[in-house]
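First up is the structure itself, then whatever we jot down about it.
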Amino acid sequence: MRTQVTLYTARYVFPVSAAPIANGAVAAEDGRIVAVGTAADLRERFPGGHVVDLGARALLPGLVNAHTHLELTHHAGHVPEDLPFVEWTYPLVRYSRTRSPEDFERAAYAGVELLRASGTVAVGEICTFGRSVRPLVASGLYGTIYYELLSPDPARAAELLREGQQQIERWRSEYPQSRIRFGLSPHTPFTVSAELLRAVAEWCSAEDVPLTIHAAESPAESQFLRDATGPIADLMYAGAGWPLHPERAPGISPMAYLDELGVLASRPLLAHGIQVDADDVARIARADAAVAHCPRSNTRLRCGRMPYALYRAAGVRLALGSDSLASSPSLAVWDDAVDAHALHAQVGETPTSTDLLRLATLGGADALGLSDQLGTLEPGKRAALACVSLAALSAAEQNDAESVLAALADGRLAPEALPATSS
């Protein structure tokens, strides 16, 4: 028996895959989009449909936050905001050691609610403590949960890979559902051995398991891989009592290192990707890897500015991520879109408002392997929607789609979840 079609009507519909539609509508049935067009046309096509009139709002695909650490949501206010990356890791670890597993799970539940309120429908989540899985599976959100692996000890490579494989199998057994996939996340090129990086990449490629890694995030990372000096050697390795193996200084950039180890060949989602040059970006493009741009976290941790124009010119697949509340002021990924707009405008490589909308929707869906389900408003895709109130705009702006997009880009408007009455 067919269910009733629901028509969501709004002042504008932004499909992302097509031009904006004034006085538009999205028709949904059984959780999937069946038609997109003008409200008049869809009312005529589905005369018995249940109409949810969103009024002076714009309707758009739900946002995708491609890089989160939801277990750290309650770290907000407990980690200083004025420290460079390596120094910042110390209070981060110290505070984490005071938290219980239940604390991390409560933090993840709180993070999920923040995501949903901001119109987010999918995430790329780094799971360090094993406690963000239940909240995400229960939330109805889509995405990938990556189990984090960390150790620079080559002797532990086989053990850690086996641990990651077993964790994925346990999660698949415990949470047999299709919205969330499970993958692996070797932490960084400087906190994971070459042996583990190579083994994880080979296994993920062979088994079609998603892989992500923090890479080329800070100047300290590049310095350490170049000659094993700087804050990572002096503070992180010395503080942890980690020996400096010869492999720790391959003498090349983080991206070249990952390329030589076969990690890029596994088409990972690369978090940050700040400290790169033209050769690095060309390597990423050739591998068809994706990059999660986290501008607010990068700015706070003094990591630098992503060379946006370089990435765009090379055709690299880009997404947006908020990172955690330990390094970012919110989990609303559209706030990162606004920040990216302002940040890159300073050097004359301003993303257009259309580019920003694509980064926060289809770009993230593509990076997480979900572009067949999410990211655009098209028949056959999931009816995972967000909306934007136009109440703050003048009447003239409300009557112009480009003005609406411009107001989104400069932060005067922000996406949010559909009103509760539309459920």
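None of the figures in this text is laboratory data; all of them are computed from the coordinates on show. Predicted model only: the values in this text are computed from it and were never measured. Heads up, the Cβs are rebuilt from the backbone with ideal geometry, glycines too, and the neighbour counts pull from every protein chain shown.
Taking every alpha-carbon pair in the chain and binning the separations at 20 Å intervals from zero gives 27, 56, 16, 1 percent. Taking every DSSP beta bridge with both residues inside the range 1-133, roughly what % is antiparallel (nearest 5)? The antiparallel proportion sits near 55 percent. Normalised by 2.2 N^0.38 Å, where N is the number of residues, the C-alpha radius of gyration of the range 45-148 stands at 1.37. Annotation: extensible slack from Ala56 through Ala396 equals 121.1 nm (criterion: 0.36 nm per residue apart, minus Cα-Cα distance).
Using the Cα gyration tensor of the range 273-371, with a ≥ b ≥ c the square roots of its eigenvalues, what is the shape: rounded (a/c below 1.5), prolate (a/b larger than b/c) or oblate (neither)? Verdict is rounded for the range 273-371. For the chain, the longest principal axis of the alpha carbon atoms and the long axis of helix 101-117 meet at an angle near 40°. Note on the chain: antiparallel DSSP beta bridges, both residues inside, total approximately 35 percent of the bridges counted. All other residues whose Cβ lies under 12 angstrom from that of Gly62 are scored, Lys and Arg at +1 and Asp and Glu at -1, for a net of +2. Over all other residues within a Cβ to Cβ distance under 12 Å of Ile33, the charged ones net out to 0, with Lys and Arg as +1 and Asp and Glu as -1. Taking Arg296, Arg94, Arg57 in turn, the Gaussian network model of the chain (Cα-Cα springs below 10 Å) assigns the largest fluctuation to Arg94. Largest GNM mean-square fluctuation among Leu184, Leu42, Leu318, using the chain with Cα springs under 10 Å: Leu42.
Here the extension length gained between Asp208 and Ala309 equals 33.3 nm, from 0.36 nm per residue of separation less the Cα-Cα distance.
Note on Val93 and Ile252: the model spin-label points, each 7 Å out from Cα along the C-beta direction, lie 2.8 nm apart. For the range 108-221, the spread of Cα positions along the three principal axes, ordered from largest to smallest, is 42, 36, 22 Å. Working from Cα pairs under 8 Å separated by at least six residues, relative contact order for the chain is 21 percent. Report the Cα centroid-to-centroid distance between the range 195-253 and the range 363-415 in angstrom, as an integer. The range 195-253 and the range 363-415 have Cα centres spaced 37 Å from each other. Using the Cβ-Cβ distance between Arg45 and Gln177 with R0 set to 35 Å, the FRET efficiency from 1/(1 + (r/R0)^6) comes to roughly 0.60. The label point for Arg412 and the one for Ser330, both projected 7 Å from the Cα toward the Cβ, are 1.7 nm apart. Each of the peptides 359-366, 43-50, 253-260, 270-277 was scored by the mean count of other Cβ atoms within 10 Å over its residues; in descending order, highest first, they stand as 359-366, 270-277, 253-260, 43-50.
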